[in-house]
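The values are calculated or read from the model by the stated rules, or taken from the named source; none is laboratory data. Since the model is a prediction, treat every value here as computed from it, not as a measurement. Every residue, glycine as well, gets a Cβ built from its backbone with ideal geometry; the counts of neighbours run over all protein chains shown. Accessible surface areas use protein heavy atoms only, side chains included; no ligands, DNA or RNA. Shrake-Rupley method; radii C 1.70, N 1.55, O 1.52, S 1.80 Å.
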Amino acid sequence: MSVDRPRPLVAGNWKMNGVKSSAKVLTEIHAGYTPGLKAKVELAVCPPATLVSLLSYASVGSRVAIGAQDCHAKESGAFTGDLSAEMLADAGATYVIVGHSERRQYHKERDVEVCAKAVAAHRAGLTAIVCVGETREERESGKTLSVVRKQLRGSIPVDSNSRNLVVAYEPVWAIGTGLTPTVADVAEVHALIRDELRRLVGKADAPKVRILYGGSVKPSNAAELMAVENVNGALVGGASLVAADFLAIAGAYLG
Ligand code: 13P
């Protein structure tokens, strides 16, 4: 193992799921986050914004980080319904996902907005999990690498480094479908991301940036996906709602 290899991160994106009683999922995750697992992998849970504060309190001392799923680019102001990165940090978040394909698709977010949100995350002291990934049409027409390259160049701010940036490769067609790319396809895209990171954060820091794979990660495929070169963890949707499944995915790092 290379000395530069970063500590893997398995992050759960709860999306628009979860109410106060869902705190019990976090309690179960705490219970299963054994010293052996802690030594191998970092865990984060990104609940809906309504639960960030509650879960942050519940997580104190547990070493399970709490993240949010989106933020506004501005620090404060007349933006009804929006939440700033500063507010999320104040509520206890240490991560925020930006540029998830569901935001890009349903809220028409473009790279320039995603980049502004990542800048806001950094301003607030949060680590931005910047998501990229191609649609099925883009993959079928051979555009995967050019699409991902363009998203990376447009979405990652210049002040990024291995502490305030995580990149998540989430092929849109693999999200919530049960489909996953082949190991070779994942390796190819992650190698491209690592290469781009050399340009974006510099040669010395690029190997330390975590690049997560996301899209239908489950206990049965986690070991295979997590073993791929340049895959430093997972961004997990559906399976992160069940503590045992989330822990089993993280358990891929126990070898
Ligand atoms: P699924 O794991 O449900 O496919 O979702 C992936 C995802 O979008 C995580 O951000």
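Per-structure values
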item	result
Computed [θ] at 222 nm, helices only, for the chain once each DSSP H run of length n ≥ 4 contributes -39500 (n - 2.57)	-11500 deg cm²/dmol
Whole-angstrom Cα spans of the stretch 136-255 along principal axes, big to small	38, 34, 22
Above-threshold pairs, the threshold being 25 Å between Cα atoms, out of K108/K143; K15/K74; K150/K208; K150/K203; K15/K117; K117/K218	K117/K218
Dimensionless Rg ratio for the stretch 37-179, taking C-alpha atoms and the 2.2 N^0.38 Å reference	1.07
Overall dimensions of the stretch 174-219 by Cα: Rg and Dmax, Å	12.6, 37
Taking the C-alpha atoms of the stretch 78-161, convex hull volume expressed per residue in Å³	99
Surface accessible to a 1.4 Å probe, F79 within the full protein complex, Å²	80
Where the chain is the region considered: accessible area per residue in Å², 1.4 Å probe	45
Apportionment of accessible area to carbon and sulfur, the chain, percent (1.4 Å)	55
With DNA, RNA and ligands ignored, accessible area of H190 (1.4 Å probe; Å², nearest 10)	0
Solvent-free Debye scattering, log10 I(q)/I(0), computed from the Cα coordinates of the stretch 205-255 at q = 0.14, 0.18, 0.20 Å⁻¹	-0.32, -0.51, -0.62
Label-to-label distance, nm, for residues given as H107 and S62 (7 Å Cα→Cβ offset)	2.5
Kirkwood hydrodynamic radius (C-alpha pairs) into Stokes-Einstein, the stretch 1-87, 10 °C and 1.306 mPa s, D in µm²/s	110
Magnitude of the charge dipole, the stretch 110-255, Cβ model with Lys/Arg +1 and Asp/Glu -1, debye to 20	500
Within straight-line cross-link reach of K20, lysines at Cα separation under 20 Å, skipping those fewer than 8 residues along the same chain	none
Solvent exposure, largest accessible area first (probe 1.4 Å, DNA, RNA and ligands not counted), of M226, M16, M87	M16, M87, M226
Cross-link partners of K24 among aspartates and glutamates (Cα-Cα below 17 Å; sequence separation of 8 or more within a chain)	D245
Pair E75, A227: separation of 7 Å Cα→Cβ label points (nm)	4.9
Per-residue SASA entry for R139, accessible area with 1.4 Å probe, Å² rounded to 10	60
Rg/Rg_ref, the stretch 104-201, where Rg_ref = 2.2 N^0.38 Å and atoms are Cα	1.07
Long-range amide H partners of T127 with built H, under 5 Å	Y95, V96
Selected from A78, L152, V45, residue furthest toward positive end of dipole (the stretch 41-152; charges at beta carbon)	L152
Spin-label pair T182/L254, simplified geometry with 7 Å Cα→Cβ offset, distance in nm	3.2
Debye intensity ratio in log₁₀ form over the Cα atoms of the chain, taken at each q of 0.07, 0.13 Å⁻¹	-0.20, -0.75
The chain: DSSP helices with Cα axial extent of at least 15 Å and average Kyte-Doolittle hydropathy no lower than -0.5	111-123, 144-155, 183-201
